[in-house]
Structure formats: C-alpha cells, structure tokens
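Enquirer: Sharing a structure with you now.
The values are calculated or read from the model by the stated rules, or taken from the named source; none is laboratory data. Computed from a prediction, not measured in an experiment: that's the story for all the values here. Every residue, glycine among them, receives a Cβ derived from its backbone with ideal geometry; neighbour counts consider all protein chains shown.
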Amino acid sequence: MWVLSAQIAAAWMLFAVAAPRQRDVPRETLIKGEYTNAKYLYRVKIPPGISAVRSAAPAPNHGFGIVPSQSRPDKMWVTGEYDAAFAGCTQAAALQQADGLRDECHLAILSNEPSKLSTLDAREIVMRGNNGPGKVSFARFRVAYRPLPRGSVGIVYSLGLLAESEKGATGLTEIFERIANSFRLESLAGGTRSRP
C-alpha cells in the first residue's frame, strides 16, 4: 500500500484547487526576495523577477511554490517539515518522494545521486515519464534530512520541480539551482546561520 509522503502532500497543497474563497480572505501570500521559515529552520533567496506563493494563514507554512505559467503543468516547490513519515534519513525520505511521484505522475527514476543542500547531505533524483502534452513528464528534486535533538523526529527539506518536459524545464532548472545554492539552515538555537 502506498502512502503519499508528507513532503509531496505539502507540495501538492501549494498547488491544489482550493475550496470556494470566502469574501476578503486571501488564499495565498505572495513572496519575493528572501524567505525565512522559522518553524522549519531554513531560508532561501527567491531570484529577482520571480514571485512565489504560499498558503495564507491559518494554513500551515511549510514553504512555497512557484508556478511560472497557468497554461502549463510546470511548477516548483521548496518545503520543510517534520519527518511525519518516519523516513529517518535522507535516502529514505528521497525515495518516499520518488514513490509518490511514480504513483501520482507515472514517472520512473533516471538517477539518484548524492548532493548537498546547504551543509546537509542530500539526494537529487531525476524522474521521467511519457505522459504527453499538458501533463507532467519530468521531475527533479533534492531532499535532505536534518536530525534534531534526541527524542525528536527530524526535518525533511525538499526542493523540486515538475515540468511537461525536460527541455521545457530549462527556465525552472535555472531557478532551482539559484534557490538551491541560496538555501541556508537556521540554527537550532536560533542564532548562528549556516555558511555557504
């Protein structure tokens, strides 16, 4: 039995069609420039000219999404959240995401390589399918696991993109790299930040 990973669920929530809107209650918060997530202890820089959105309060704030075009299925996400699926390590968390995308988007893993996300060891997975026009056929994501003090579940960070094709993902790939390179961890103590 397949269970959608918490990270993929959070990413899908960023792009889901919401219930009818209540008057004067925003569904999304626009983000530009630097984004800091104090709960999940990370920050990134959104490149100039790019707008990201996250669910408006009172929805949980795990991260944000970027949707460059409403006419294409292309999208990108950056999330952090507690390891509710109890992956316990980077490789397991990355494979949970791959399993979710395999089932949801009919994609297969092309590569699963070691990478970095700030100072954390990460896995970068590339997936591809042949789903036709207007459907997601390419995914690239980087996942890292951050252990927390004894007795706590860790935090899983995910940065990814979905696109109609690998060739069509060129613009998102550049944004992906810029955001991944700007990703920094906040200190558990709330003081010192990680260095590049």
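Enquirer: Give the range 38-61 a look and list any residue that's within 22 Å of Ala189 (Cβ to Cβ) and modelled with pLDDT of 95 or more, or say none. Outline the logic, then answer.
Expert: Our first condition is that a residue be within 22 Å of Ala189 (Cβ to Cβ); within the range 38-61, this holds for 38-44, 61.
Within the range 38-61, Tyr40, Leu41, Tyr42, Arg43, Val44 qualify.
Enquirer: Of the conditions (1) modelled with pLDDT of 95 or more; (2) more than 22 Å from Asn181 (Cα to Cα), Met127 clears all except one; give me its number.
Expert: Of (1) modelled with pLDDT of 95 or more; (2) more than 22 Å from Asn181 (Cα to Cα), only one is false for Met127: (2).
Enquirer: Starting from residues that are under 14 Å from Ala98 (Cβ atoms) and of a type in the set (Lys, Arg), keep the ones in the range 119-140 and report whichever is surrounded by the fewest Cβ atoms within 10 Å (Cβ to Cβ). Steps first, please.
Expert: In the first step, residues of the range 119-140 are kept if they are under 14 Å from Ala98 (Cβ atoms); the result is 122-129, 136, 138-140.
Those left that are additionally of a type in the set (Lys, Arg): 123, 128, 140.
Working: Arg123: 24, Arg128: 16, Arg140: 22.
Restricting to residues being under 14 Å from Ala98 (Cβ atoms) and of a type in the set (Lys, Arg), the top hit is Arg128.
Enquirer: Out of everything in the range 1-37 that is part of a strand (DSSP E or B) and among the hydroxyl-bearing types (Ser, Thr, Tyr), what residue ends up being modelled with the lowest pLDDT? Even if it seems obvious, please write down each step before you answer.
Expert: At the first step, the residues of the range 1-37 found to be part of a strand (DSSP E or B) are 28-31, 34-37.
Then keep just the ones that are among the hydroxyl-bearing types (Ser, Thr, Tyr); that gives 29, 35-36.
Numbers: Thr29: 89, Tyr35: 96, Thr36: 95.
Within the range 1-37, the match that is modelled with the lowest pLDDT is Thr29.
Enquirer: Of all residues being under 16 Å from the mean Cα position of the chain (by Cα) and buried (at least 16 other Cβ atoms within 10 Å of the Cβ) in the range 106-118, which is farthest from Leu161 (Cα to Cα)? Just the residue, please. Before the answer, list the steps.
Expert: In the first step, residues of the range 106-118 are kept if they are under 16 Å from the mean Cα position of the chain (by Cα); the result is 115-118.
Retained after the next criterion (residues that are buried (at least 16 other Cβ atoms within 10 Å of the Cβ)): 115, 117-118.
Values: Ser115: 16, Leu117: 15, Ser118: 18 Å.
The qualifying residue farthest from Leu161 (Cα to Cα) is Ser118.
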